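Below is one structure; the comments refer to it alone.
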Amino acid sequence: MSAPMVNRDCAKVLTGKVFLSLSPSDLRLLVSQRVVVICTDGKTQAGLVFTVDPVSKSIVLVQFPDEQSMITKIIMGHAVESITVGTEAITSQTEHRLSQLFRLNDPHKNLSEEETARRKTELKQWLEQHHIPVTITGDKGELLNIAEALYIEPPYGLDNCISANEIILGRVQALMKNKPERLDTKEVTLNEEGT
């Protein structure tokens, strides 16, 4: 069971037990949120959630003490006593800094909206051609959802897969590796008809 995460009017407190039971889609809602984490050893850590590992539930927190510096902390999932999710919205500048972290060598960081949309459509077609049921979810329709067990985020590459199920993750990523760079929709139609 997972607890609903969206409640912007008041701070949300999650116990460690509830946090460890969250689904990948609920964990994704923590990203870019201001949180205060109380650890089992009594220490308190605060910051913005950069990411949460869906398997180990380890949290990567980021703080920006000034314009030029950044502090990163990793909190192991088993060490979480409770998490308080704040209500204060982050600024667009902070959101931009978060989005740029660890992306210095990302070849997809400058993709246009059209290219990103093309990649999503082609990957969805490729997966469906191989009998993988795919739906589009997310606040802006940006996620590819495979049976609520795996999510693929933009720009829809191997590193953009989120799943707690390693078997499904491995199989979908193996299928993605075999996808041609560009799909010819005419070719896909012919192959589906068997001609």
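Summary of values
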| item | result |
| --- | --- |
| Percent accessible area from carbon and sulfur atoms, segment 28-185, protein chains only, probe 1.4 Å | 51 percent |
| Debye-sum result for segment 12-126 in log10 I(q)/I(0), which assumes one identical scatterer on each alpha carbon, at q = 0.11, 0.13, 0.14 Å⁻¹ | -0.44, -0.59, -0.67 |
| Gained length - A147 relative to E166, 0.36 nm times residue gap less alpha-carbon distance | 5.4 nm |
| Violating pairs (Cα-Cα greater than 26 angstrom) within the set K12/K124; K17/K177; K120/K177; K17/K73 | K12/K124; K17/K177 |
| For segment 115-176, convex hull of alpha carbons as volume per residue, Å³ | 72 Å³ |
| Spacing of the two label points (7 Å from each Cα toward its C-beta) at I90 and K177, in nm | 3.2 nm |
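The values are calculated or read from the model by the stated rules, or taken from the named source; none is laboratory data. From a predicted model like this one, the values you see are computed outputs, not experimental measurements. All Cβ positions, even for glycine, are placed from backbone atoms using ideal geometry, and neighbour counts span all protein chains on display. Quick note on the areas: whole protein, heavy atoms, side chains included, nothing else; ligands and nucleic acids left out. Shrake-Rupley method; radii C 1.70, N 1.55, O 1.52, S 1.80 Å.
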